[in-house]
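Written below as structure tokens is the structure these notes are about.
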Amino acid sequence: MTGEHLQAPAYSTRRVGTLRLPGGEREDDLVAVEEPLEIRIGGEPVAVTMRTPGHDEELALGFCLTEGLAPVAARVPDDLAANTVDVDAAGFDPERLRRHFYTSSSCGVCGKGAIEAVRVAAKPVESGLEVARDLIASLPARLRESQRAFEATGGLHATGLFDSAGELLCLREDVGRHNALDKVVGWALGERLLPLSSHVLCVSGRLSFELVQKAAVAGCPVLVAVGAPSSLAVELAEDRAVTLCGWVRDGRLTVYTEPWRIV
């Protein structure tokens, strides 16, 4: 894939020197940029995430929303600090956020506790959306065709938001798969599309607990991936009524939960 429309944004890639073996050639290579982003709420630092620069306000909004907060807007902070975004969130309780992080990070110890934490922020997805099997099977390829930075570097994950007819509405790339999804959710929040009850999310990698959590909070009924889900991702999808489709490639897919939505 070549052409101006597929060039990666300059801020998302960087040239580095390499040694090619066994030939011994020294050449430049493009790699994905990874830098920290500090997310503040009302001026107070609440999280640092390693991300690919670009759409930082969307990332901060999506992160806060999917962590059970109520973000209203995101902006460059008053002190103009680099790699920092300040979020306005109504009724922000820093202690509640810390408790939620602890529970989420403990999912390997207590999966039940992690699922209960998501229940606080996400109702079961209420959507009668039904999607054709062939449409679902086509989404990873459509996502791949639009991954400009991945085409240049091979080092980025992507999330795409599709409507019920399979039209790609928004695509975001990032070194972190959860960041890419947060950016899409943040975009959808700004476009007043939430809840995503008539949409489909497609991710480029595997399906983790975090990704299902974020899809559930956004109210999205169908989550699609080219890779496999984890056991806790399946449990959470079943609990929150999300249709989980994994191993979507070459016209085939495996539906793990809520299969009635795939027709």
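The values are calculated or read from the model by the stated rules, or taken from the named source; none is laboratory data. Just so you know, these numbers come straight off a predicted model, no measurement behind them. Counting neighbours? That spans all protein chains shown, and the Cβs are built from the backbone with ideal geometry, glycine included. Note: areas computed on protein heavy atoms with side chains; ligands, DNA, RNA excluded. Shrake-Rupley method; radii C 1.70, N 1.55, O 1.52, S 1.80 Å.
What the table shows:
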| item | result |
| --- | --- |
| Selection from region 155-171 of residues that are crowded, with 24+ Cβ neighbours inside 10 Å and among the polar types (S, T, N, Q) | 159 |
| Of all residues in region 225-239 being surrounded by fewer than 24 Cβ atoms within 10 Å (Cβ to Cβ) and not small (Gly, Ala, Ser), the one that is nearest to residue 256 (Cα to Cα) | 234 |
| Which numbered condition residue 176 misses (of (1) surrounded by fewer than 23 Cβ atoms within 10 Å (Cβ to Cβ); (2) modelled with pLDDT of 95 or more; (3) within 10 Å of the chain's Cα centre (by Cα)) | (2) |
| Count - residues of region 25-45 that are open to solvent by 40 Å² or more (accessible area, probe 1.4 Å) and farther than 19 Å from residue 93 by Cβ | 11 |
| Filter result (in contact (Cβ under 8 Å) with a residue 40 or more places away in the chain and open to solvent by 10 Å² or more (accessible area, probe 1.4 Å)) within region 179-193 | 187, 189, 190 |
| Any hit, region 249-259, residues being open to solvent by less than 20 Å² (accessible area, probe 1.4 Å), β-branched (Val, Ile, Thr) and in contact (Cβ under 8 Å) with a residue 60 or more places away in the chain | no |
| Counted residues, region 32-45 - those being assigned to a strand (DSSP E or B) and modelled with pLDDT of 85 or more | 9 |
| Evaluation of residue 204 against (1) within 19 Å of residue 34 (Cβ to Cβ); (2) open to solvent by 50 Å² or more (accessible area, probe 1.4 Å) (one fails), failing number | (2) |
| Sole exception among (1) in contact with a helix residue (DSSP H, G or I) (Cβ under 8 Å, 6 or more places away or on another chain); (2) assigned to a loop (DSSP other than H, G, I, E, B) for residue 193, by number | (1) |
| Residues of region 207-221 satisfying the condition of being surrounded by fewer than 24 Cβ atoms within 10 Å (Cβ to Cβ) and in a loop (DSSP other than H, G, I, E, B) | 208, 219 |
| Failed item, numbered, when residue 149 is tested on (1) modelled with pLDDT of 90 or more; (2) in a helix (DSSP H, G or I); (3) surrounded by 13 or more Cβ atoms within 10 Å (Cβ to Cβ) | (1) |
| Residue satisfying all of: in region 50-97; of a type in the set (Lys, Arg) and either open to solvent by 50 Å² or more (accessible area, probe 1.4 Å) or at pLDDT below 85 (or both); farthest from residue 161 (Cα to Cα) among these | 96 |
